[in-house]
Amino acid sequence: MRRAWALALLFGALWLCLGGCQNGPSPGAPPKGADDGADREAAAIRLVDATGAEVALPAPARRVVTLLPSLTETVAAVAGVGPLVGVTANDTYPPEVRTLPTVGDMAVDPERVAALRPDLVLAGRFHGTTVVPALRRLGIPVFVEEENARTFDDVYRTIRNVAALLGEGKRGEALVARLSSRVQAIEKAVRAVPEAERKTAFVLLSPPPDVYTAGGDTFIGAVLRAAGVMNVAEAAEGWPLWSAEDVVRADPDVLLLVVGEGEAKRWIEALRRSPGLSTLRAVRESRVVTIDADRISRPGPRLVEALVEVVRAVYPDVVVPEGVGGG
C-alpha cells in the first residue's frame with residue numbers, strides 16, 4: 001500500500017526527480033531577459049483554486065515559490081525563471097532552477113518558504129492538509145492546483161491560471177494556443193495510421209518485480225490516446241499495480257518504460273530476468289521503448305514533448321509536424 005501511495009504521488013508530478021534535465025528553454029518560454037515586467041497586467045487578481053478557495057493578490061506575483069516540478073516548469077514557460085525565488089529539491093528543469101533555494105521535497109518546510117518572502121506559493125492538492133494551512137496562517141497567498149491532470153485541457157487550464165497570477169495572461173494564452181495546435185496536428189498525423197497497424201502498449205512505471213502502470217484517466221493515458229496508441233490499461237483508474245500474468249495475457253505490441261536518466265539498462269535487465277515479463281513478444285522481439293520520465297511524468301508544457309517522443313518511438317514512419325513541443 002505504501003508503495004502504491006508513493007507511486008501515485010510520483011506520477012502525479014509531486015516529487016519526480018528521476019531523469020536529467022534537457023538543455024534549452026521550456027516550450028514557449030520567453031527568452032532570457034524578457035521577463036522585465038513591461039508586458040504584465042498591473043491590476044489586482046482574484047482567482048479560485050482547485051480547492052474552491054479564492055486567492056486574492058493586490059498585483060501580479062513577483063516572488064514565487066513552487067512546490068511541484070510541473071508548476072515550476074509552467075512558471076518558466078510563461079514568464080522565465082525570474083519570478084521564481086524557491087523550488088523543491090526535486091526540480092530539475094529549466095536547468096537554472098537547480099541554483100535556487102529549496103524548501104523541501106515531498107515534505108515542505110513552511111518556515112523556509114516564509115524566509116524567502118514570497119508573494120505567492122503555487123502548490124498541489126497533496127499539500128492541502130499540511131503546508132497550505134500553515135502558509136496561509138503566516139499570511140502568504142497560496143494557490144492550489146490539481147497535480148493529477150487527466151487531459152491536455154487540464155494542463156492548459158493550469159497554464160492559464162499560473163499566467164493570470166503572474167500578470168502574463170497574454171503569454172499564457174499564446175503558449176496554450178501553440179501547444180494545443182501542436183497536439184491537434186499530431187493527432188491528425190497519427191489518424192492516418194491504418195486501424196490494422198495501430199499498436200497496443202503497456203506503460204511500465206517501475207522496474208520488475210513491481211508492475212505499476214498508468215490508467216486511462218491519467219495524463220499519461222491522455223498522451224497515449226493523442227499518440228494513437230491503445231493503452232492496455234485504458235479501463236483502469238489512476239496508477240494501478242498489475243501482475244506480470246495480466247500483462248502477459250494482454251500481450252502488448254510495445255512496452256513503454258518510463259525511466260530516468262541512466263536507468264534504461266537496469267530496467268531492461270530486470271525485464272529480461274522477470275519470469276513472466278521476459279516471455280512477452282515485445283521483450284523477445286526488442287519492442288521495448290524508453291520514455292524520458294521528466295517529460296511524461298510532469299503535467300506541464302513539456303508533456304507535448306512526451307507526446308512527440310511516444311509517436312516517434314511507436315510509429316517511426318509517421319511524420320511528426322514541426323513546432324513547439326519538441327520539433
Return, for the Cα atoms of region 193-300, the radius of gyration and Dmax in Å, separated by a comma. 12.9, 36
Using DSSP, restrict attention to beta bridges with both residues in the chain and report what percent are antiparallel, rounded to the nearest 5. 20
Could you check what % of the DSSP bridge pairs in region 63-158 are antiparallel, to the nearest 5? 10
Given the whole protein assembly as supplied and a 1.4 Å probe, what does the accessible area of Met230 come to in Å², nearest 10? 90
When all protein chains stay in place, what accessible area (Å², nearest 10, 1.4 Å probe) is found for Asp109? 60
How much of Thr200 can a 1.4 Å solvent probe reach, expressed as accessible area in Å² and rounded to 10? 40
Starting from a Cα-only point model with no solvent, please compute log10 I(q)/I(0) by Debye for the chain at q = 0.07, 0.08, 0.10, 0.11 1/Å. -0.28, -0.37, -0.57, -0.68
Largest to smallest accessible area among Glu261, Glu73 [probe 1.4 Å]: Glu261, Glu73
Full-extension gain in nm, Arg117 to Glu285, via 0.36 nm per residue minus C-alpha separation: 54.9 nm
Run the simple label-point estimate for Ala107 and Glu237 please: 7 Å along Cα→C-beta, distance reported in nm. 3.1
Computed FRET efficiency, Cβ-Cβ of Asp154 and Arg273, R0 56 Å: what is it to the nearest 0.05? 0.90
Can you give the angle from 0 to 90° between the axis of helix 152-165 and the longest principal axis of the chain, with both taken from C-alpha atoms, to the nearest 10? 20
Label model pair Ala59, Leu138: point-to-point distance (7 angstrom along the Cα→beta-carbon line) in nm is 2.3
If you rank Thr88, Thr129 by how much accessible surface each has, with a 1.4 Å probe, what is the order from largest down? Thr129, Thr88
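The values are calculated or read from the model by the stated rules, or taken from the named source; none is laboratory data. The model shown is predicted, which means the values in this text are computed figures rather than measured ones. Because the Cβ atoms are built from the backbone with ideal geometry, glycine has one as well, and the counts that use them run over all protein chains shown. Only protein heavy atoms, including side chains, enter the accessible area calculation; ligands, DNA and RNA are left aside. Shrake-Rupley method; radii C 1.70, N 1.55, O 1.52, S 1.80 Å.
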